[in-house]
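Structure provided below as structure tokens; questions to follow.
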Amino acid sequence: MVKLRAPAFWSQPSAKIRPLLLSPFAGIVAAITARKQHQQGWTAPVPVLCCGNISVGGAGKTTVVLDLAARLLRRGKKPHILTRGYGGRLRTTTQVNPAQHTAQDVGDEPLLLAQLCPVWVGADRAASARMAVAHGADCLLMDDGFQNPSLYKNLSLLVVDGGVGLGNGYVLPAGPLREQPAQAFARAQATVLIGPDKTGFLARFGHVAPHVMQAELQQSDTVSALQGQRCVAFAGLGRPEKFFEGLKNCNITLAQTVAFPDHYFYKQKDLKRLADMAVSLQACLVTTPKDAVRLPEYFRQKVIIVGVDLVWQNPAAPEALLNQFLNGSAG
């Protein structure tokens with residue numbers, strides 16, 4: 001699978017010529033997405049919460065899903081997670097088994113999610129939902145799928161990365177958006193802005209985005225193992241610089257940073273390059289949990305893995321959201 005980097009002009013609101021030239025195609029994409037939303041989806045017998053976004057790329061949906069799933073488990077609920085399994089080769093509805101499946105089979109994010117609760121991969125969200133319910137789920141969390149109409153959503157939460165916002169504001173391929181923001185906001189019940197608002201999202205969309213909540217990413221406690229060491233940090237994420245910045249904010253000395261495309265499957269030459277770099281710089285290797293599941297076991301043992309936790313600006317906000325979700329007051 002070829003994984004391309006986003007064009008630079010997608011993140012540049014001042015760019016006008018390329019978006020203008022691509023606007024006819026953007027209009028077609030927006031129209032197709034809007035028409036799809038008129039399709040009737042299957043209504044599950046249990047509540048469904050979707051964590052989606054308006055733009056392509058890593059906004060932090062999986063981190064939000066992990067946070068909400070953990071909260072549901074603490075409430076004694078039996079959540080199952082539905083995801084497409086981006087990057088995986090399995091196409092039929094499948095329950096993820098970390099002892100059997102690899103990232104090549106089901107994708108990297110499903111393997112992470114499956115460490116917490118049951119996860120189902122498959123493009124047909126309704127089929128995945130049926131299987132999850134048949135296997136005991138009493139509530140469902142969707143990691144992405146906001147634009148997929150095959151399953152009725154009781155509550156939809158839009159996730160926005162504060163560092164990039166909605167980019168240049170144009171729909172694909174003129175920009176990073178999957179649909180027009182107004183249409184997305186109209187179908188959602190809540191929005192979570194993750195990280196500092198560096199693009200003025202609140203000023204531009206705060207009055208139309210539904211129930212905006214804010215949260216920050218905080219490096220997990222394992223980052224303490226890096227104190228006093230030189231590090232070579234590597235990551236294949238939608239925005240790998242977020243990981244690197246997080247380490248720097250924890251006063252970690254980064255001798256080198258190496259960025260790879262999102263969902264990148266590491267090759268032997270990549271691993272040799274990283275290992276040689278660590279030796280030459282007298283540094284330890286550090287990466288993210290999402291990257292770790294894409295590494296062979298022998299190499300994973302040589303790497304320190306540092307994840308992130310979601311810290312809500314208002315600690316009561318996610319619990320209130322789940323109350324709304326479980327009480328069925330959204331629709």
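Can you list the trypsin sites (Lys or Arg not before Pro) in segment 204-291 that are in a DSSP coil and have 14 or fewer other beta carbons within 10 angstrom? Walk me through the numbers before you get to the answer.
Working: sites: Arg204, Arg230, Lys242, Lys248, Lys267, Lys269, Lys272, Arg273, Lys290; in loops: Lys267.
Filter output for segment 204-291: Lys267.
Add -39500 (n - 2.57) for each DSSP H run of 4 or more in the chain, then divide by its residues: what number comes out at 222 nm, to the nearest 500 deg cm²/dmol?
-9000 deg cm²/dmol
Taking +1 at the Cβ of each Lys and Arg and -1 at the Cβ of each Asp and Glu, which of Phe205, Val121, Pro315 sits farthest along the dipole of the chain towards its positive end, judged by Cα position relative to the Cα centre?
Projecting each Cα onto the dipole axis, the largest value belongs to Val121.
Leaving out ligands, DNA and RNA, what percent of the accessible area of the chain is carbon and sulfur, probe 1.4 Å?
On the way: 8190 of 15140 Å².
Using a 1.4 Å probe with all protein chains present, the chain comes out at 54 percent carbon and sulfur.
Another question, if that's okay. What's the Cα-based Rg to Rh of the chain, Rh via Kirkwood?
Numbers: Rg = 19.8 Å, Rh = 20.7 Å.
Answer for the chain: 0.96.
Related question: What's the magnitude of the charge dipole for the chain around its Cα centre, counting Lys and Arg as +1 and Asp and Glu as -1 at the beta-carbon? Answer in Debye, nearest 20.
Values: 34 positive and 22 negative charges, 130 e Å.
The dipole of the chain has a size of about 620 debye.
Toward the positive end of the charge dipole of the chain, about the Cα centre and with charges on Cβ (Lys, Arg +1; Asp, Glu -1), which of Pro47, Gly85, Ala215 goes farthest?
Gly85
If you count only protein heavy atoms and use a 1.4 Å probe, how large is the accessible surface of Met131, to the nearest 10 Å²?
Looks like 80 Å² after rounding.
Still on this structure: Return the lysines within reach of Lys290: Cα separation strictly under 29 angstrom, same-chain partners fewer than 8 residues apart disregarded; answer none if there are no such residues.
Partners within reach: Lys3, Lys61, Lys77, Lys78, Lys153, Lys198, Lys242, Lys248, Lys267, Lys269, Lys272, Lys302.
Additional query: How much accessible area per residue does segment 1-130 have, in Å², with a 1.4 Å probe?
Numbers: 6660 Å² over 130 residues.
That works out to 51 Å² for each residue.
Moving to a separate point now. Determine the percent antiparallel among the DSSP beta bridges restricted to the chain, to the nearest 5. It would help to have the intermediate numbers written out before the result.
Details: 8 of 48 bridges.
Around 15 percent of the beta bridges assigned by DSSP in the chain are antiparallel ones.
Here's something else I'd like to know. Please compute the contact order of the chain in relative form: average sequence separation of alpha-carbon pairs under 8 Å and at least six residues apart, divided by the residue count, as a percent. Walk me through the numbers before you get to the answer.
Working: 663 pairs, mean separation 70.6, N = 331.
This gives 21 percent for the chain.
How many angstrom separate the Cα center of segment 228-302 from the Cα center of segment 108-168?
After rounding, the separation between the Cα centres reads 28 Å.
Given the options Gly27, Gln37, Ala132, identify the residue whose Cα lies farthest towards the positive end of the charge dipole of the chain (+1 on Cβ of Lys, Arg; -1 on Cβ of Asp, Glu).
In the chain, that residue is Gly27.
The values are calculated or read from the model by the stated rules, or taken from the named source; none is laboratory data. Keep in mind that this is a model prediction, so the values were computed, not measured. Positions of Cβ are backbone-derived with ideal geometry, glycine not excepted, and every protein chain shown enters the neighbour counts. The area values use the complete protein model at the heavy-atom level, side chains included, leaving out ligands, DNA and RNA. Shrake-Rupley method; radii C 1.70, N 1.55, O 1.52, S 1.80 Å.
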